[in-house]
1. Can you name the number of the only condition in (1) in the same structural domain as residue 64 (by TED's automatic domain parsing); (2) crowded, with 18+ Cβ neighbours inside 10 Å; (3) out of contact with any helix residue (DSSP H, G or I) (no Cβ under 8 Å at 6 or more places or on another chain) that residue 352 fails?
2. Of the residues 468, 433, only one is within 15 Å of residue 302 (Cα to Cα) and surrounded by 15 or more Cβ atoms within 10 Å (Cβ to Cβ); which?
3. Restricting attention to region 49-74, which residues are within 21 Å of residue 288 (Cα to Cα) and in a helix (DSSP H, G or I)?
4. Which of (1) loosely packed, with under 14 Cβ neighbours inside 10 Å; (2) part of a loop (DSSP other than H, G, I, E, B); (3) at pLDDT below 95 does residue 234 not meet, given it meets every other one?
5. Out of everything in region 137-157 that is in a helix (DSSP H, G or I) and touching a helix residue (DSSP H, G or I) at 6+ places or on another chain (Cβ under 9 Å), what residue ends up being nearest to residue 211 (Cα to Cα)?
6. Among the residues of region 81-106, which ones are surrounded by 19 or more Cβ atoms within 10 Å (Cβ to Cβ) and part of a helix (DSSP H, G or I)?
7. Consider residue 388 carefully, then state whether it is in contact (Cβ under 8 Å) with a residue 24 or more places away in the chain, closer than 20 Å to residue 301 by Cα and in contact with a helix residue (DSSP H, G or I) (Cβ under 6 Å, 6 or more places away or on another chain).
8. Do we find that residue 113 is without any contact (Cβ under 8 Å) to a residue 24 or more places away in the chain and closer than 26 Å to residue 48 by Cα in this structure?
């Protein structure tokens, strides 16, 4: 068996024509949908980037235990399991979070990996003093504010991207996405005739900054001639209609670029007749709000469908007769781990709570799950039954009593502080740690965890229920005690299955039996 897993970041369902999107032509994603099986109701689990990847590796939700961090020493990891069963695994990625303090144990679970440098604010090209005045004049200040340009500048991350852009990303071919696919074709040229391998091609695009060569932007030009607008801050939108249109156009151009290079992978599989013996899995980690609901981003607001509903398309050579079909069952990110193992005939470990979706494709599984829950550490918790989406907020998002449970005390790009670590005590209350104790650490309000890093504050918008059948845009919340009680019960059952800490139930006002 051979498997290619193509993972993009922040790719929205509504940007794909095979999911009903009409504003961005995506002929190559459509090509896969025509050849594979499309999952209509695929949802996120833990949010955002690295929590989603921990779900992906381990096959279980983690957002109720910790915020953002590496794989834990006790965690299962599907590429590690594949490797221990003589399956060669290789990851190609330009996703810099894998190589920061908060994600440093994922890439080593693969037999080999290729890190493509230069994406987003990757500390790649070195410049002690950035040319601040020239950058201001060239790029504008709305999305690229800057003060001194030195290492202690609060906007150094965006300045670093401009440095990378000028010193290393001058041509289309030097951009990270083309280099990711070039590396993938190198792997395939060397190994396509071998058996028993897994290839993960992971592109940070279309995550912001929304930056694509002119040939992809041409079809989406808005006439804008002001500041470069390709990296919206995660906040309420106060932009003009013209500014919103330009930001969305830059996102559309980047999605078009993703589709183009994904098409090159499909062309390669066509040319080398790989469809008969190679599976291809395509998905993303989460979506993104492009001023829908008057928000930019993904971290500070309810997990509207633009964030939580994500694409999943699978071609499996054993189910070629299912080409072009669609599945309505509820599935989630953490189902992909047991699915990858099942493709190689392996059984998932006992700690895995996700379920392989191969039974849905074959028709053997008709009752995959009744509910999906999803969330972010410290934020609201979402639940859906496919029709009704329910986002539950606590009375006080920043009340004390919340803890992180971890042996890897890090945040997104830093280690936990001494002040946080002074609160640590050991606990053995979870079976998924395989008998190992973990540190129980107070979730201090001023710590650098996502989503509150950099002084960003989650706005408590209050518990909301939406009927996505009658209100697909989720514009008008409703109240229905019977539906809310049913969704709460479904949420509680899934929280219990994941050994949710007791303080979460109290915090969210959920009553257990």
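1. Looking at each condition in turn, residue 352 falls short on (3).
2. Numbers: 433 fails: within 15 Å of residue 302 (Cα to Cα).
The match here is 468.
3. Hits for region 49-74 are 49, 50, 51, 52, 53, 54, 55, 56.
4. (1)
5. Top of the filtered list is 139.
6. Scanning region 81-106 gives 81, 82, 96, 97, 98, 102, 103.
7. Yes.
8. Numbers: without any contact (Cβ under 8 Å) to a residue 24 or more places away in the chain: yes; closer than 26 Å to residue 48 by Cα: yes.
When the stated conditions are applied, residue 113 passes them.
The values are calculated or read from the model by the stated rules, or taken from the named source; none is laboratory data. These figures come from a predicted structure and were not determined experimentally. A quick note on method: Cβ atoms are made from the backbone with ideal geometry, for glycine too, and the neighbour counts reach across all protein chains shown.
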